[in-house]
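The values are calculated or read from the model by the stated rules, or taken from the named source; none is laboratory data. Because the structure is predicted, anything quoted here is derived from the model rather than measured. Note that each Cβ is placed from the backbone with ideal geometry, even for glycine, and that neighbours are counted across all protein chains shown. The accessibility values were calculated without ligands, DNA or RNA, using every heavy atom of the protein model including side chains. Shrake-Rupley method; radii C 1.70, N 1.55, O 1.52, S 1.80 Å.
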Amino acid sequence: MSEAQLTRYDRRMQAIMNRREAAALYATAARRRTVVAVHVLLTAASVASWGRHPFVLLALLLPWCVATGAINAATRGLLELRRRALDERQRAERSEVLARAHRLTTALLLVTVLAVGGYGLAGGDLTGVVLRVLLGVLVVHWLMPMWVAGLRAQDEPEDE
């Protein structure tokens, strides 16, 4: 799609996703892996504190947002921009990321069903477990594409 066919919103989002002020956070593959790992840990801590420790959840919000922004910037908004704002290479990359994330969350759902089912068969009380497990799986399903994209992002080419 040509630049002229993009809406003002699309152009603004492209500009935001292509800002480089925080590039030092995700300039190398090791740093991107670290940001994704930190994001996963912050997400896990947030899900664990959900409903029990609201102040912990609130304290985790700002670092979680910073990590989310770093991943989005590292991928140049691959998952946040509208399809029409992406070129063919980015569209193919987004499709690959979504397919891989889908396979990973499918495997996670299978493991979760087996674990919860085994827990129930062993006589465990599922009433306190099911909601937390479902919340955790829902959050992972929601964020897995971003994590996969962050791990797959390539280093920026060197300036000549």
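Residues that are in contact (Cβ under 8 Å) with a residue 24 or more places away in the chain and either within 13 Å of the chain's Cα centre (by Cα) or surrounded by 18 or more Cβ atoms within 10 Å (Cβ to Cβ) (or both): does region 129-139 have at least one? Yes, the conditions are met somewhere in region 129-139.
For Leu41, the stated conditions do not hold, so it cannot be described as part of a helix (DSSP H, G or I), open to solvent by less than 70 Å² (accessible area, probe 1.4 Å) and not hydroxyl-bearing (Ser, Thr, Tyr).
Among the residues of region 49-61, write down those that are of a type outside the set (Lys, Arg), without any contact (Cβ under 8 Å) to a residue 60 or more places away in the chain, open to solvent by 20 Å² or more (accessible area, probe 1.4 Å) and on the phi < 0 side of the Ramachandran plot.
Residues of region 49-61 of a type outside the set (Lys, Arg): 49-51, 53-61.
The next check asks that each one be without any contact (Cβ under 8 Å) to a residue 60 or more places away in the chain; those that pass are 49, 51, 53-61.
Adding the requirement that they be open to solvent by 20 Å² or more (accessible area, probe 1.4 Å) leaves 51, 53-61.
Within region 49-61, His53, Pro54, Phe55, Val56, Leu57, Leu58, Ala59, Leu60, Leu61 meet the criteria.
Give the residue, chosen from Leu110, Leu61, that is more than 15 Å from the chain's Cα centre (by Cα) and part of a helix (DSSP H, G or I).
Working: Leu61 fails: more than 15 Å from the chain's Cα centre (by Cα).
Just one listed residue meets the conditions, Leu110.
Within region 95-145, which residues are basic (Lys, Arg) and out of contact with any helix residue (DSSP H, G or I) (no Cβ under 9 Å at 6 or more places or on another chain)? Answer for region 95-145, where residues must be basic (Lys, Arg) and out of contact with any helix residue (DSSP H, G or I) (no Cβ under 9 Å at 6 or more places or on another chain): just Arg103. For the residues Ala149, Ala107, Ala99, Ala122, the requirement of being among the aliphatic types (A, V, I, L, M), in contact (Cβ under 8 Å) with a residue 12 or more places away in the chain and either over 15 Å from Thr43 (Cβ atoms) or open to solvent by less than 50 Å² (accessible area, probe 1.4 Å) (or both) singles out Ala149.
If I filter region 62-80 down to residues being open to solvent by 40 Å² or more (accessible area, probe 1.4 Å) and in contact (Cβ under 8 Å) with a residue 12 or more places away in the chain, which single residue comes out as nearest to Val148 (Cα to Cα)? Please lay out each step first, then the result.
To start, the set of residues in region 62-80 that are open to solvent by 40 Å² or more (accessible area, probe 1.4 Å) comprises 62-66, 76, 79-80.
Add one more test, that the residue is in contact (Cβ under 8 Å) with a residue 12 or more places away in the chain, and what stays is 63-64, 76, 79-80.
Numbers: Pro63: 19, Trp64: 17, Arg76: 14, Leu79: 11, Glu80: 14 Å.
Checked region 62-80; the qualifying residue nearest to Val148 (Cα to Cα) is Leu79.
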